[in-house]
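Reading through the structure tokens given below for one structure.
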Amino acid sequence: MQAVLRRGGDNSALALRTDPPDSELTRRALESAQDVYDPVLLHHCLRCWYVGDLFTQLEHRSYDAELFYIACLLHDIGLTDRYRPTGDDTPCFAIHGGDLAQRELRAWGADDEFARTVSEAIAGHLDVTVPPETGIEAHLLHAAARLDVVGTRLPEIPRHLIREIHIRHPRTEFVPTFSRARPDSGIAVLWRTGMRIPMTLNPIRTMT
């Protein structure tokens, strides 16, 4: 409701990153994301990366840029057809995605702590709150995903930056695509129990 009623922020000190962190792991994660997502979800993941970095500037926090970028790229892989659970076991897509990301990162040569931290950030991004003490990257992913999906904390980000993010990564068809994602997932349950209202009313849709 706050996001609907309040206007965008005007913090002129904020700036969008120009390039993502470059490493073997980030390149592998981007290749994987491009391979498994449709364009709508890939754009969502990349919008989350931009927004999360803006939140670090607002909150004056240090974070692992490589780890956060990878967590953003992989945080919805549990919604994809490639990684849909089989059989009767249908865990929350966020927890399932965290496990998948951890497995992939270890296969790509990431150390155990790095892979575990990415996994925990992804697994918790649907939680009601994720305080910084939980892990700064988890906190940022949670905040960025909530802004992009339902507009939480949107007034803190200047409108011109929101528009620039959406020029780079358009929001076209995001809501209907998200609403159809994995009918057995937690997102589908949330949609049926009322999440469609804040998603539909998200004021970010009128700023792009």
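Only the coordinates and a few stated rules stand behind these numbers; no lab work does. This is a predicted model, so every value here is computed, not measured.
Some points to look at:
- Global geometry of the range 28-185, whether rounded, prolate or oblate, following the gyration tensor of its Cα atoms and the 1.5 cut on a/c: oblate
- Cα gyration tensor category, rounded, prolate or oblate, for the range 61-137 with a/c compared to 1.5: oblate
- Counting 0.36 nm for each residue step from GLU173 to ASP112 and taking away their Cα separation leaves a gain of 18.3 nm.
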